[in-house]
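Bear in mind these aren't lab numbers, they're just calculated from the coordinates by the rules spelled out. Computed from a predicted model, the values in this text were never measured in an experiment. FYI the Cβ positions are ideal-geometry reconstructions off the backbone, even for glycines, and counts take in every protein chain you see.
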Amino acid sequence: MSVNLTLLIVMGALYACGIYLILERSLTRVLLGLMLLANATNLLILSTGGYAGLAPFFTKDTPAADYNDPLPQALILTSIVISFAVTAFMLGIIYRTWVLARQDDIQDDVEDLRVAETPSFDAEDDAEIPAETSEFPLTTVTAGGREMPAELAAAEEQPGSLNLESGPEGGTK
Amino acid sequence: MNIASLAPLAVVLPILGAALTFLLIRHSRAQRAVSIGLLSLTLALECLLLASAWNSGTAAVTIGGWLPPWGIVMVVDQFSSLMLVVSSAVSLAVLVYATGQGMADGDEDAPVSIFHPTYLILVAGVSNAFLSGDLFNLYVGFEILLTASYVLMTLGGTGPRIRAGVTYVVVSVVSSVLFLIAIAMVYGATGTVNMADLALKLGDLDQGTRTLLHVMLLVAFGIKAAVFPLSFWLPDSYPTAPAPVTAVFAGLLTKVGVYAMVRTETLLFPGDTLNTPLMVVALLTMVVGILGALAQSDIKRLLSFTLVSHIGYMVFGLAMSSVAGLAAAVFYVAHHITIQTSLFLVTGLIERRGGSSSVDRLGGLAKLSPLLALLFFIPGMNLAGIPPFSGFLGKVGLLQAGIELGTPLAYALVIGGVVTSLLTLLAIARVWNRAFWRKPEDAEHPDPVLLAGPSGRAAGPGAKINTVTLLPRTMVGSTLGLVVLGVALTVFAGPLFGLSDQAARDMLDRAPYIQSVLGSDTAVPATVTGGGR
């Protein structure tokens, strides 16, 4: 299979420009990049068909090797039609973005940002479990210089008294 | 006449339906009848195909009478017909759900009237991809379903959907371009795009070229299947679409990618050296996906992340390339299509009943609607892999195959699979605790719909004007149907595993596939699978 250098260089240039363009934030440029990529691929398919031969109309005396390979061209035709449809749809979307947001840029995902900003602390899951969860606590705490059972200390807690840690349910603040 | 020769109808019927519904665009009732009728017919046909593939093995249909290495063939084997049946059953249920939603909301006209034709085109594309025995026709199938999915994704053209649609379209187009490049390279290297023919000819290439083609195809399919490093687009774009659309995307589109990966691995490049990277990728997909799910508070996004995570199980089964692993993967694909779709449908119902799909705004649904709770609970437990459900059976199959393989990496995957399963349970349990179990008053920002109580049916006929039916019977019915199908997969897991096993054997053997396409006297070189290593 002979190689057509011009085709390859053009293909490479199209790929390079296409990749550069789809990395932009502007939607129109992304679309142009996609079109370039699609066309570069069409050239790639074309080059797989080998050198340009005769048109594939059957005549008796021509040896089979002289014909051009028609299959890549059929593939290209299909891929052109598909990229046409996609381009039309993308244009529609870009127009709609413009109508809605008056801008041509790719926008950030709101929910993504929200999840990223959510603190790792979750009130329901991560709240500190009070040390004493039993209804009949046996612990004593030191409050105001004397030892007393924890539930009495909680009941005694008043505004102005030495603030104890608020219990799970009691502990008026 | 051979039943398998009816295979093209699985593509033609939905396309015909799309044309008819497009003509009937102003008559929504006729549109509904046509699309549901034709899809049911397709499903019945595909059940026949499955039966024929089960009884008489793989069969190939040449399209237009062009003989195999040149013309397009459609291949009906156990795997493709099983995929067809499951996907059509799921898409029928989603279609009924969507029409129910449309009827309940009373939006009889635009833009929803475009839904039916587009949806049927999507189904046709999926069927085409499953049946195709030709690499380029597979590409066309992908493009049909993708183009339809672009329209469905941006249905209504609201701001968030357009934003998500842009990402989705660009990523899909890039993956399609990669696929097309791979096809061009394959054609340049071998001079054919027929998959059976390729299976013979790719073996003659030197190792470097083979690996290049193999990696190109896997990357292209990996984007579509949302395998870990290439999965970023999925949780970003799926949740914004309407509930039925997300459901059908989640069920079908990624699985078409998985299907294509299975074909690549088993038919085109059997016994190749990429199993180790695939296993690593599978492990990362499972773990990273499920960790993403734990961070979410929106049920749809959470489910999208579990979708990514569970693709890892299928890739795991595939990467072992042993009969046991592949059979489990086939079973898991069938199970996951059903379960993931029903979960998304239920989420749609939750959103209707509770006014939101964020767990911060929901609460007390178990009391408000016990049926809804049941509908969520069963597929939820199924997804997490709680015995005796099919999710458990599929995972056990995968883990057994992994232990059988016995390499350190396989053990790592087995552990990863168990951890992922537990984390899935945690994610589902969080949704359950918040949305269903706690009191509505406990929600951080309860949605007004949730607190309003049952809609004003009792308030007399005058109050009906502004109320929408919160849980329309059609929507609940179709969801219930899918949940029951998911349970049926559990009940009939024995025969189904038998079928998957047979499918896996045939795929690894390759001879049934190649000989059905290229004639029974084709010599099939023995594959060099060293026990899957």
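Around residue A:108, under 11 Å between beta carbons, what's the net of Lys plus Arg minus Asp minus Glu among the other residues?
Charge balance near residue A:108 sits at -2.
Beyond 31 Å in Cα-Cα separation lie the following of the pairs B:201/B:395; B:201/B:255; B:395/B:439: B:201/B:395; B:395/B:439.
Among the residues of B:17-26, the average count of other protein chain beta-carbon atoms within 10 Å of the residue beta-carbon is 0. Taking the charge dipole of the protein assembly as shown about its Cα centre, with +1 at Lys and Arg Cβ atoms and -1 at Asp and Glu Cβ atoms, the residue from B:504, B:120, B:386 reaching farthest to the positive side is B:120.
Along its three principal directions, the equivalent ellipsoid of chain B from the Cα gyration tensor extends over semi-axes of 38, 27, 20 Å, largest first. Measuring nothing but how far apart in sequence close Cα pairs (under 8 Å, 6+ apart) lie, relative to its length, chain B scores a relative contact order of 17 percent.
Summarising the amide proton neighbourhood of residue B:443: residues at separation of 5 or more, or on other chains, whose placed amide H is nearer than 5 Å comprise an empty set. Can you give me the angle between helix B:159-190 and the longest principal axis of chain B, using Cα atoms only, in degrees from 0 to 90, rounded to the nearest 10? That helix lies at roughly 10 degrees to the long axis. Only helices enter this figure: runs of n ≥ 4 DSSP H residues, each worth -39500 (n - 2.57), summed and divided by the residues of chain B, yield -23000 deg cm²/dmol at 222 nm to the nearest 500. Reported to the nearest whole Å, the Cα centre-to-centre distance from segment B:172-248 to segment A:5-57 is 18.
Give the relative contact order (percent, whole number) for segment B:40-101; include only Cα pairs under 8 Å separated by 6+ residues. Here the relative contact order equals 36 percent. Fewest neighbouring Cβ atoms within 10 Å first, the residues B:313, A:51, A:15 line up as A:51, A:15, B:313. When each of B:232, B:344 is scored by the number of other beta-carbon atoms lying within 10 Å, the sequence from fewest to most is B:232, B:344. Close amide-amide hydrogen proximity is noted between residue A:67 and A:54, each under 5 Å apart and 5 or more residues distant or on a separate chain (H modeled in the peptide plane; Pro and chain starts excluded). Averaging over all projection directions, the Cα-based convex hull of the protein assembly as shown occupies 39.0 nm² in the image plane. Basic side chains Lys and Arg get +1 at the Cβ, acidic Asp and Glu get -1 at the Cβ, and with that the dipole of the protein assembly as shown about its Cα centre reaches some 1700 debye. Rg and Dmax of segment B:4-129, both derived from C-alpha coordinates alone, stand at 15.9, 52 Å. Working note: Karplus 6.51/-1.76/1.60 with θ = phi - 60° gives segment B:114-125 the couplings 6, 4, 4, x, 4, 4, 5, 4, 4, 4, 4, x Hz, where Gly and Pro are set to x.
Can you give the net charge of the other residues whose Cβ lies under 11 Å from the Cβ of residue B:190, counting K and R as +1 and D and E as -1?
0
With a cut-off of 14 Å between beta carbons, the residues surrounding residue A:32 carry a summed charge of 0, where Lys and Arg count +1 and Asp and Glu -1.
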